[in-house]
Amino acid sequence: MSFMQPSPVKYACSCGILNPINKLFFCRHCPKLRCGYCVCHEIESHFCSNCLENIPSSEARHKKNCCANCFDCPCCQHTLSARATTVAVVKKSDEAKDKEAQSAAGGESGSTTPIKPSSVPTTKKMYYLSCLSCRWTTRDVGIPDQGVATGTWPDNECLYQLRFNSLLEYYQSVVLQEKQDRQEFLRRKSPKQHKFPSLTDRTGLTVSLIRRQIGWNEKTLPKSKPISISPTEATADVEQLPPDIFTEPLNLRQVTTIAQRLSQPGDQPTAVGNLYPQRRSLWIKRSLRCRQCEHNLIKPEYHPTSIKYRIQLFASHHVPEVVMVRCEQPLKPGQKNAILVKITNPTMYDMTIRILDALPEEEERLTAEMLQQACKIKEEAVTSSPLLRAAGITLSRQNSTREIKREVNELANTLIEPLESEFVLSQRDDSKEFDEDIQARGETEEPKFIIWRKGNKVLLRLQFTPEAASKISDEVVLSFYMQYTYVNTVANTTEKKEPTTQALYSRLFIQAGTIEKE
């Protein structure tokens, strides 16, 4: 298949969602396949894609996830570049300064002799922003040139910024009041504390003096009240259209597009002359964590220039990769056919692979038990507070999501014939990639379903029969289970430090094609 086309072979994740192997992850602690919905996405770091500057999370939140030095073009959304230019500046000489001082002194004494100050012309370097793609500059909208290339460019202020700030303060006060009410409720439910909060303060005078110095009452704490804010009122007043809209010809080059207006949601200008440069949005590096065992699956390097990973548990590095080659005959309803698939072993250990049409009963029972255990909510009691422990109040933490198995039986309309025996797939060896010798089926005693071998790759012939009730142009989807041995080098307990071999199962779906005419 082509690289740009979707893969016809898809794996069923532990949650039941189908994805190609290049979009799946493998948790070595569970061990199970994980997709993008089975993992927690955590932000590792913020950085600017243009200047490659690492920005802390608190600073990125303060700057509204925008870079302070880089700007985007409001017309074509490309990065703006700082351009230098020289400007003639008139600088006064020392003689002129002395004459001005003398004139000031003479003015105080009463003399009014006119003096012509001399000046020395000099040049000063100034900077402006320019787009190398559409040739837009900050001079087009009247932004003055700056003496420094970065850090001094003015921002386009929003007309409703004061309203937004007042709403933000109001909701912050509401959250603070709810938090204080919750703490007061927990304090009332907890048992009464000791009369003296400390063994060294038996008289209680220290706490009383501190409360008086702060200005608090002896028994009650000050409660924050939400600030008053005026509600928004709807109005029927709408701005009138300009008088020349029906008389003057329309120049579309001076009208902004939808993308240009949405890049400035504060004012959404309609004219190109009102576009202002926008600060470049920050990028993030994210890490992925398994939701069941909470181990990291993907963890990138911290530096923005590095594209490597500290932890990378992609499924293509641990699970056998299945690639569809072709069907031997055209697909016809009720007629026996065969499909050629290539299986690759990506690990450094030999694998024993077996193709099954259904999951064994023991494995189904074990899978159901594991799902029941995973669906239980894990609680971790917070025992740091003696008051909560004495009152029997438990603050618990829940998992982000529960793992629910989805059935995908309705997607498959054709089952393959299970193979009569299992086979061993050699480990990955990079030196054999350049070996041109291909081991055919007649050279060694191989099963009939193996066409050829080469290193860690094998070509299989799987037989299947499409449904007799299939119609023309119906999609033929094959379904089977692949059992493979996986050598787990991760020690989950301190007792088991040696690698363990586990038998894992993966369900695959192959889109073989459509039913053709007879």
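The values are calculated or read from the model by the stated rules, or taken from the named source; none is laboratory data. Predicted model only: the values in this text are computed from it and were never measured. Every residue, glycine among them, receives a Cβ derived from its backbone with ideal geometry; neighbour counts consider all protein chains shown. In case anyone asks, the SASA skips ligands and DNA or RNA and just uses the protein heavy atoms, side chains included. Shrake-Rupley method; radii C 1.70, N 1.55, O 1.52, S 1.80 Å.
Some values worked out for this structure:
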quantity: Per-q log10 I(q)/I(0), region 279-341, q = 0.13, 0.19, 0.23 Å⁻¹ (Debye; single scatterer per alpha-carbon; no solvent); calculated: -0.64, -0.84, -1.03
quantity: Region 286-370 - percent of accessible surface contributed by carbon and sulfur, probe 1.4 Å; calculated: 48
quantity: Debye-sum result for region 1-49 in log10 I(q)/I(0), which assumes one identical scatterer on each alpha carbon, at q = 0.15 Å⁻¹; calculated: -0.54
quantity: Under 15 Å, Cβ to Cβ, from S287 - net charge with Lys/Arg +1 and Asp/Glu -1; calculated: +4
quantity: Evaluated at q = 0.10, 0.22 Å⁻¹: base-10 log I(q)/I(0), Debye formula over Cα of region 1-93; calculated: -0.60, -1.02
quantity: Order by protection proxy (mean Cβ within 10 Å, highest first), peptides 124-135, 262-273, 29-40; calculated: 29-40, 124-135, 262-273
quantity: Largest-first principal axis extents, alpha carbons of region 26-65, Å; calculated: 40, 19, 15
